[in-house]
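For reference, the structure is listed below as structure tokens.
The values are calculated or read from the model by the stated rules, or taken from the named source; none is laboratory data. These figures come from a predicted structure and were not determined experimentally. Counting neighbours? That spans all protein chains shown, and the Cβs are built from the backbone with ideal geometry, glycine included. What goes into the accessible areas is simple: the full protein's heavy atoms, side chains included, and nothing from ligands, DNA or RNA. Shrake-Rupley method; radii C 1.70, N 1.55, O 1.52, S 1.80 Å.
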Amino acid sequence: MRIVLLGPPGAGKGTQAVMLSEKLGFLHLSTGDILRENVKRGTDIGKKAKAFMEKGELVPDDIVIQMMLDTIKSSGKKNDFILDGFPRTVYQAKKIDAELKKLKLAVDIVFYFKTSISTVIKRLTGRRLCPKCGANYHIVNMPPKKQGICDKCGVELYQRKDDSEETIEKRLEVYENQTKELIDYYSAQGILKELSGDLDAKEVYKQLAAILA
Ligand code: AMP
């Protein structure tokens with residue numbers, strides 16, 4: 001089964017994708033994580049993507065589409081995967097749909113996390129991450145046991161550069177102007193399921209798992 005997670009930054013897509021992959025064995029493909037890894041390693045993709053990401057703008061479609069297609073193809077024929085943060089434009093969606101159909105891996109379901117602006121801003125400004133395992137924390141909603149330290153790895157958590165208030169504003173504007181129209185695109189295909197991204201992570205997961213069951 002192929003799942004797309006759609007919603008603004010801070011809607012909880014990454015958190016749900018991690019839960020689905022841990023509990024139900026899905027492969028979690030986060031475009032943002034893959035791009036950040038490329039930036040860290042200084043690859044060609046990373047060099048091209050860095051400035052866009054720092055400004056909160058979208059990385060050009062063709063770079064991202066090719067990168068995700070290569071990732072899917074090299075994932076050892078794993079047929080159950082979650083696309084987290086991809087597609088983000090109708091152009092990306094059309095292109096990847098065509099490619100996935102050829103591979104007989106069409107998207108089955110799209111979960112749209114409808115989330116209020118106030119939730120998103122609170123979540124993003126309080127988000128902290130583990131540089132080693134990628135675990136996601138929140139200083140208020142999901143704090144680590146020891147302040148600033150990853151529960152699993154014991155290393156110091158960090159804040160994403162693009163989680164600054166100014167860049168968050170830009171990312172939300174990009175979502176409104178370029179990504180939101182995907183709701184209509186997938187709704188027209190009859191595969192969109194809407195959930196509230198304002199609920200806490202456990203409740204959202206319960207709803208997701210019930211739909212999948
Ligand atoms: P995220 O981790 O999903 O919040 O993504 C972080 C940044 O990576 C975004 O602000 C974009 O610059 C870039 N990015 C992630 N996914 C995409 C995508 N599907 N298309 C273009 N840029 C993307």
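Of all the criteria given as (1) without any contact (Cβ under 8 Å) to a residue 40 or more places away in the chain; (2) open to solvent by less than 40 Å² (accessible area, probe 1.4 Å), the one not satisfied by residue 152 is (2). For the stretch 82-128, filtered to residues that are part of a helix (DSSP H, G or I) and among the basic types (Lys, Arg), the residue that is least open to solvent (accessible area, probe 1.4 Å) is 123. Specify the residue that is nearest to the ligand (Cβ to nearest atom); the eligible residues are those in the stretch 73-99 that are within 27 Å of residue 10 (Cβ to Cβ) and touching a Lys or Arg at 6+ places or on another chain (Cβ under 9 Å). Applying the filter and picking the extreme gives 85.
For the stretch 162-183, enumerate the residues that are among the basic types (Lys, Arg) and within 10 Å of the ligand (Cβ to nearest atom).
Restricting attention to the stretch 162-183, the residues satisfying the condition of being among the basic types (Lys, Arg) are 170-171, 180.
Selection gives 170, 171.
Quick check: anything in the stretch 25-45 more than 25 Å from residue 126 (Cα to Cα), within 12 Å of the ligand (Cβ to nearest atom) and surrounded by 17 or more Cβ atoms within 10 Å (Cβ to Cβ)? Yes, the stretch 25-45 contains a residue that is more than 25 Å from residue 126 (Cα to Cα), within 12 Å of the ligand (Cβ to nearest atom) and surrounded by 17 or more Cβ atoms within 10 Å (Cβ to Cβ). Any chance the stretch 200-213 includes a residue that's outside any helix (DSSP H, G or I), more than 16 Å from the ligand (Cβ to nearest atom) and surrounded by fewer than 18 Cβ atoms within 10 Å (Cβ to Cβ)? Yes: one or more hits.
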